[in-house]
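Colleague: Below are the structure tokens for one structure; questions will follow.
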Amino acid sequence: EGFERAMSSSKDEETKSVLVVLANLMHIQKRVLPQLWGQCWLLVPRRYVPKIEPETLRVNGLYRTLSRMVMDEYIRSTTLHLSTFITKGLTTSGRDWSKHKTVRKVREYMLELLLEVVLVYDDLIAIVKPFVHKVMKTLVVMLIDSFSSLVRAVDEFSPSGALQVYVEVEFLRNVMKRFLTPSSQDTFRNLKNRLERCIQQAEPNIDGTLAAASNVVSKALRTTSVMYACFDSPIV
């Protein structure tokens, strides 16, 4: 356990270091390079400008490319980390999804996943505030894609098993609603439709069943509202 905590701490520091690199690259692009080129044009004779200008554009492009690479790596590694919680909830929980079990609550793995997203969000706010919405929207897309892939990998869902996952998907959608995009909304919709078809196999009154599921989600949202309040707060 101590070793796991040490590894987790090391990973957190590594992730924050990537964000610091991204913040520095952003600063160079927005502040340093414009000032550098401005001073350059004051010093360089006008006849040399046509030869130098393409090189300045190339340097600007290199920094933009490097920024994209760093951001993509941050999003990839963060998504891999967050997806382990979804794997825990769907494939390594020990639950037999083909067996009936009454749906009473949103399970702990989802609450833990979203608390981890809160930490990610706090780091983004503290280090790379201008990129918060872009990164969070991309993370939501990749998380729901991961969720959808793992659901498709389950051999058989009982109606109650599908309903349990439906509740958790709807809870995730509600908590992260600020960062939804047309792409993530489509994936959420397709996943929910897939689960509804499983539920409907043995639940002729699917509207009543989904209404009961909505009550479970609403209760979970009320009891966790403080935990995830940061997602609804304005970024200042």
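Colleague: Across 5 Å bins from 0, what is the distribution of all Cα-Cα pair distances for the stretch 26-86, in whole percents?
Modeller: Final binned percentages: 4, 15, 19, 16, 12, 9, 8, 6, 5, 4, 2, 1, 0.
Colleague: Projected onto the charge dipole of the stretch 140-204 (+1 at Lys/Arg Cβ, -1 at Asp/Glu Cβ, origin at the Cα centre), which of Phe188, Phe147, Gln201 gives the Cα projection farthest towards the positive end?
Modeller: Phe188
Colleague: Helix-only mean residue ellipticity at 222 nm, the chain, DSSP H runs n ≥ 4 weighted -39,500 (n - 2.57), per residue, nearest 500. What is it?
Modeller: -26000 deg cm²/dmol
Colleague: Now for a separate question. Are there GluC sites (Glu not before Pro) in the stretch 135-176 that DSSP marks as loop and that have at most 13 other Cβ atoms within 10 Å, and which are they?
Modeller: Answer in residue order: Glu156.
Colleague: Something else now. At a threshold of 8 angstrom on Cα-Cα distance, excluding pairs fewer than six apart, so keeping six or more, what relative contact order does the stretch 61-218 reach in percent?
Modeller: Relative contact order of the stretch 61-218: 30 percent.
Colleague: Cα axis of helix 182-200 to longest principal axis of the chain: angle in degrees, 0 to 90, nearest 10?
Modeller: 10
Colleague: Still on this model: Can you give me the angle between helix 33-43 and the longest principal axis of the chain, using Cα atoms only, in degrees from 0 to 90, rounded to the nearest 10?
Modeller: Tilt of helix 33-43: around 10 degrees.
Colleague: GNM on the chain, C-alpha springs below 10 Å: top fluctuator among Ala211, Ala23, Ala162?
Modeller: Of the options given, Ala211 has the highest mean-square fluctuation.
Colleague: Using only the Cα atoms of the chain, what are the Rg and Dmax in Å?
Modeller: Every Cα atom of the chain included, Rg and Dmax give 23.0, 81 Å.
Colleague: Please work out how much length the chain gains when fully extended from Arg104 to Trp41, using 0.36 nm per residue of separation minus the C-alpha to C-alpha distance, in nm with one decimal.
Modeller: Gain in length upon complete extension: 15.9 nm.
Colleague: Compute, for the chain, the length of the dipole vector about the Cα centre, with Cβ point charges of +1 (Lys, Arg) and -1 (Asp, Glu) only. Units Debye, rounded to 20.
Modeller: Result for the chain is approximately 800 debye, rounded to the nearest 20.
Colleague: Can you pull the one-decimal nm distance between simple spin-label points at Arg152 and Leu221, each 7 Å off the Cα toward Cβ?
Modeller: That separation, rounded to one decimal, is 2.8 nm.
Colleague: On a 0 to 90° scale, report how tilted helix 2-27 is relative to the longest principal axis of the chain, with both axes built from alpha carbons and the result rounded to the nearest 10.
Modeller: Relative to the chain, helix 2-27 is tipped by roughly 40 degrees.
Colleague: Can you give me the solvent accessible area of His27 with a 1.4 Å probe, rounded to the nearest 10 Å²?
Modeller: Accessible surface of His27 is approximately 100 Å².
The values are calculated or read from the model by the stated rules, or taken from the named source; none is laboratory data. Computed from a prediction, not measured in an experiment: that's the story for all the values here. Every residue, glycine among them, receives a Cβ derived from its backbone with ideal geometry; neighbour counts consider all protein chains shown. When the accessible area is computed, the model is the full protein with side chains, heavy atoms only, and any ligands, DNA or RNA have been set aside. Shrake-Rupley method; radii C 1.70, N 1.55, O 1.52, S 1.80 Å.
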